[in-house]
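Structure first, commentary second.
Nothing in this text is a laboratory measurement; each read-out follows from the coordinates by a stated rule. Everything quoted here is computed from the prediction, not taken from an experiment. Positions of Cβ are generated from backbone atoms using ideal geometry, with glycine treated the same way; all protein chains shown enter the neighbour counts.
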Amino acid sequence: MGVKEIITVISVLLLLFPSTVKPRAVGGAQPAGGAQGGAPGGGGGGTLDVVAQFGAKADEKTDLSQPLLNAWKEACASPAPSQIVIPAGTFLLSRAVLEGPCKGPVDIQVQGTIKAPPDPSHFKDDTWVIFNRIEGFTMSGGGIFDGQGALAWSKNDCHKNKKCTLFPINIRFHYLTNAYIHDITTKDSKQFNVNVLECKNITFERFTVSNPEHSLNTDGIHIGRSDGVTILHSEIKTGDDCISFGDGSKNVVVNGISCGPGHGISIGSLGRYQGEQPVAGIKIANCTITNTMNGVRIKSWPASYPGTASDMHFEDITMDNVSNPIIIDQQYCPWNQCDLKNPSRIKLSNISFKNIRGTAAGKEAVKIFCSAAFPCEGVELADIDLTYTGPDGPAISQCSNVSPKLSGKQNPPICAVPAPTSPVGQAGPAKASPGGKASPGATA
């Protein structure tokens, strides 16, 4: 085919398939109408730059909220795939509520740093950024969500005040289906960094959480009432649980996580609220936990509402200077805020700890304290090698209301020491609910 023929073919194709991406005026003029998070018309998809097309400014003074919302409305209204770009630079964002349902897939490229107002009194509730009721959502770009939480941490009194003020969570993913979040950082959140609620098939990969050890109630990723959550190859440093699981967590895979400082990886606490859903199908593998209060933990309240948690497996985990490397605690009672006279009514079953090795910062390396009313069933420990070199002797293991299956190396000897009559000591307070009120899905 000659050059003239090629030019003719290209000309015909351009006539048949003109570009559907329409240029947008700076300032983001939008069609009238439409609820927050969606617009009634159908856009053409393509790339939407919040600076070049919607008037956002990376000056740390101009609020990103309206330009981002305008870009979101247009993207969400498009049947064709759309991409919103937040370019390099530092932006101030007062609040963002980005809602579906959307007509087509939406991708957000966060390339810059987005900062929250540092004063927690700026917020009327505990939400800073929320993505809600969206299917086919993706977010990446190497950018940062900075909650600027130092002032909030100094005002956190939830350990002594049950009606304490709940500070904003950095990012909420609620009611998402088929979502993929990767190469994103959340840091210095005022409360939880990420809350995953009622999601189905959501994946986090190369996700970074960075909070200082002294920041209270700043879980890295909290999961509740979600099915099919995957967290891969991520680094989490925080002042509370690196990853926490509330009720209704199902079919969750956590693999290749670096956790610490913080409180480790925790399932629960469970049983505090009526109507909690079962926890089932949790697999934690190939993780390194360093300088944390706990390693891998399952916890439920005494005198709890009834419930179940089953098929929970922890495998190939390295502990480095962890105070409580392996712990099941069905007498979880922070700051004595519970009724210790009645046992937990959470039934735990089919649990395994395999190939867990490393160093303990405390003597009690393995503690399995199950409910007297509902003893644990189907607990297996295989190839456990945890050493403690403190002045009070080698590591020990204590158990109650459980008859575990043992195989491979057992260091310390599992269940060789009688359990104490008092509940396991807890250094931290009960957590406030990430939903903003006492409700199912909250953790402690």
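Taking the three principal axes of the alpha carbon atoms in region 282-425, the coordinate ranges are 37, 32, 25 Å, sorted in descending order. Peptides 217-227, 124-134 ranked from most to least packed, by the mean per-residue count of other Cβ atoms within 10 Å: 217-227, 124-134. Over region 41-181, the pair-distance histogram of Cα-Cα distances with 10 Å bins from zero comes to 12, 41, 32, 13, 3, 0 percent, rounded to whole numbers. Taken one residue at a time, the phi angles of region 321-338 give Karplus couplings (6.51, -1.76, 1.60, θ = phi - 60°) of 6, 9, 5, 10, x, 10, 8, 10, 10, 9, 10, 4, 8, x, 6, 6, 8, 7 Hz. Gly and Pro are set to x. The packing ranking, built from the mean of other Cβ atoms within 10 Å per residue, places the peptides 246-253, 296-303, 206-213 in the order 296-303, 246-253, 206-213, highest first.
For the pair region 113-150 and region 380-421, the centres of their Cα atoms are 42 angstrom apart. The peptide list 408-415, 167-174, put in order of mean Cβ contacts within 10 Å with the highest first, becomes 167-174, 408-415. Residue by residue, region 376-392 carries 3J(HN,Hα) couplings of 5, 10, x, 8, 10, 10, 9, 6, 9, 9, 10, 10, 9, 10, x, x, 9 Hz when phi is fed to the Karplus relation 6.51 cos²θ - 1.76 cosθ + 1.60 (θ = phi - 60°); x denotes Gly or Pro. Evaluating 6.51 cos²θ - 1.76 cosθ + 1.60 at θ = phi - 60° for every residue in region 219-236, the Karplus couplings come out as 3, x, 10, 9, 10, x, 6, 10, 10, x, 9, 10, 10, 10, 6, 10, 10, 10 Hz, glycine and proline recorded as x. For the pair region 175-210 and region 65-108, the centres of their Cα atoms are 17 angstrom apart. By the Cα gyration tensor, region 232-356 has an equivalent ellipsoid whose semi-axes, rounded to whole angstrom, run 24, 16, 12 from largest to smallest. With the convex hull of the Cα atoms taken as the outline of region 181-298, the averaged projected area works out to 6.3 nm². For region 350-417, the normalised intensity computed at q = 0.18, 0.22, 0.23, 0.26 Å⁻¹ comes to -0.64, -0.90, -0.97, -1.15 (log10 of I(q)/I(0), Debye sum over alpha carbons, equal scatterers, no solvent).
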